[in-house]
Amino acid sequence: MSKKLTKRAEDYSKWYNELVVKADLAENSAVRGCMVIKPYGYAIWEKMQAELDRMFKETGHQNAYFPLFVPKSLFEAEEKNAEGFAKECAVVTHYRLQNDPDNPGKLRVDPEAKLEEELVVRPTSEAIIWNTYKGWIQSYRDLPLLINQWANVVRWEMRTRLFLRTAEFLWQEGHTAHATEAEAITEAELMNNVYSNFAENFMAIPVIKGLKTESERFAGAVETYCIEALMQDGKALQAGTSHFLGQNFAKAFDVKFTSKEGKQDHVWATSWGVSTRLMGALIMTHSDDHGLVLPPNLAPNQVVIVPIYKTDEQFDEVSEVANTIMSDLRARNISVKYDNRTTFRPGAKFAQHELQGVPLRIAIGPKDLENGTVELARRDTLTKEVVALDALAEVVEGLMTTIQNDLYKKASDFRAEHTTKVDTFEEFKDVLEKTGGFILAHWDGTNETEDKIKEITKATIRCIPEDSVEESGVCVFSGKPSNRRVLFAKAY
């Protein structure tokens, strides 16, 4: 199975597309630009969702749900937001179908069933949520309001790729209201840190935290915080964003509160979100030419046991031991699957679990039972070792941490090797063409220079890194003064 994958070095894009389908993560649907997330892919998303949801609740947020449809008049209330998403909006104009008199057995839109006002299928929920918040917030006692929503959104994409860019995708979006500017900024920074923590400790992906430039900000935001990751092909992927919205949406929807001093003011807002795009990041950061490689913290099955046998009697003997191993591992909170399918040979099972990135594989047969051992195979290194049965649970538990840490270190080392400081535009173009990756370069702070660099090289400013230090220099493109380097890369 895995041998049929295109090699990354031959065609990275083709490798990615094949892997998503062959590893049973997702497939294209009958609806143009939309995907079907298959059970194995959805199981990974559920683990992501569960961990993030726990982290959100630990920081004081509650879940709610808001309508999929947004009246056009509400959507256009915050002008910058509406303008920013206008070209991506799907719009509902009618509410009924009818039999087509000219084509028996077919349907058409009832021309008499036109909506009085068009409904936008949410590309993001600020408009409907802030219209709702107007009724929820009157006093400082109602603040802060910390709400998250797990939902689907639609952004009409012409060029799609599974998980990375689809017309409909799953995500979470947090929307919070605060009494002061400082509180809202603290919230936006906090949630960016939550995303960073999740990416590094669960996805095993090192990320760079920073601020977006004006041209890259979320439409309607005062500041956009982000985490940026580097994929194996040298392209960046924006893995999460958190926005300080100022009072823009509160003013657009007239959301005011009465302070302790009895004064009325508009509240201060944030929004923040990550999506199923994280699945693409997970795949492209760790996987190899043999298939998917999953960090143990997000693997649906951290361990798979494959029985080796010839007779029914041997199968029963192996199964008895396998069930004991499962009980021991589950007692240590390790998820384990016993692949006791009789319709596949062991070799086919090995290939499938390798392709699907199961972190550890245990093979056990009659000879292992005689010796009191099993064969243990690591997916990340493709190495095998023989382990005594009585030490197996402890060894597996230790390897969960080892594999998680090793994957993070490998990705971190790759990023370090593919992050380059440049001082001239010739160097800039040369690095982009030959090695790709992150480029740290001086920028004069103008939209004009940013746009020109993008036009010439296709590289964008991914962020102004949070940990960047002041450093006198000159812009690589314009030669004008600059006081710090920013992060450039070609990106998904």
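With contacts defined as alpha carbon pairs under 8 Å and 6 or more residues apart, what's the relative contact order of the chain in percent?
Taking the mean separation of contacting Cα pairs over the length of the chain, I get 14 percent.
With the cut-off at 1.5 for a/c, could you classify segment 46-154 from its C-alpha gyration tensor as rounded, prolate or oblate?
Judged from the Cα gyration tensor, segment 46-154 comes out prolate (a/c at least 1.5, a/b above b/c).
To one decimal place, what Kirkwood hydrodynamic radius in Å is obtained for segment 282-370 from all pairs of distinct Cα atoms? Present the calculation step by step, with values, prior to reporting the outcome.
Details: mean 1/r = 0.0728 Å⁻¹.
In segment 282-370 this quantity evaluates to 13.7 Å.
Within segment 401-475, list the trypsin sites (Lys or Arg not before Pro) lying in a DSSP loop whose Cβ has at most 14 other Cβ atoms in a 10 Å radius. If you can, show how the numbers build up before the last one.
Details: sites: LYS409, LYS410, ARG415, LYS421, LYS429, LYS434, LYS452, LYS454, LYS458, ARG462; in loops: LYS458.
Sparse-neighbourhood loop trypsin sites (Lys or Arg not before Pro): LYS458.
So if I take the centroid of the Cα atoms in segment 91-138 and the same for segment 1-63, what is the distance between those two points in Å?
Here the two parts' Cα centres lie 30 Å apart.
Could you give me the percent of Cα pairs per 10 Å distance bin for segment 386-492, shortest bin first, beginning at zero and ending with the bin that holds the maximum distance?
14, 37, 20, 11, 10, 7, 2
Helix 312-330 versus the longest principal axis of the chain: what is the Cα-based angle in degrees, 0 to 90, to the nearest 10?
Tilt relative to the chain: about 40 degrees.
Counting helices only, and only those DSSP H runs with n ≥ 4, report the 222 nm mean residue ellipticity of the chain as the sum of -39,500 (n - 2.57) divided by its residues, in deg cm²/dmol to the nearest 500. Before the final figure, lay out each step's value.
Values: 14 runs with 171 residues, N = 492.
Calculated mean residue ellipticity at 222 nm is -11000 deg cm²/dmol.
Of the chymotrypsin sites (Phe, Trp or Tyr not before Pro) in segment 71-130, which ones lie in a loop per DSSP and count no more than 12 other C-beta atoms within 10 Å?
Working: sites: PHE75, PHE85, TYR95, TRP130; in loops: TYR95.
Filter output for segment 71-130: TYR95.
Say a site is exposed when it is one of the GluC sites (Glu not before Pro), sits in a DSSP loop, and has at most 14 other Cβ atoms within 10 Å; what is then the longest site-free stretch of the chain?
Details: sites that count: GLU10, GLU112, GLU261, GLU470, GLU471.
Counting only loop sites that pass the neighbour cut-off, the longest clear stretch is 262-469.
Taking a probe of 1.4 angstrom, what is the accessible area of MET35 in Å², to the nearest 10?
Here the residue's solvent-accessible area equals roughly 30 Å².
For Cα pairs less than 8 Å apart in space and 6+ apart in sequence, what is the mean separation divided by the residue count of segment 35-190, i.e. the relative contact order in percent? Let's see the in-between values first.
Values: 191 pairs, mean separation 37.1, N = 156.
Computed value for segment 35-190: 24 percent relative contact order.
The values are calculated or read from the model by the stated rules, or taken from the named source; none is laboratory data. What you see is a predicted model, and the numbers here were worked out from it, not measured in a lab. Because the Cβ atoms are built from the backbone with ideal geometry, glycine has one as well, and the counts that use them run over all protein chains shown. Calculation scope for accessible area: heavy atoms of the full protein, side chains included, ligands and nucleic acids excluded. Shrake-Rupley method; radii C 1.70, N 1.55, O 1.52, S 1.80 Å.
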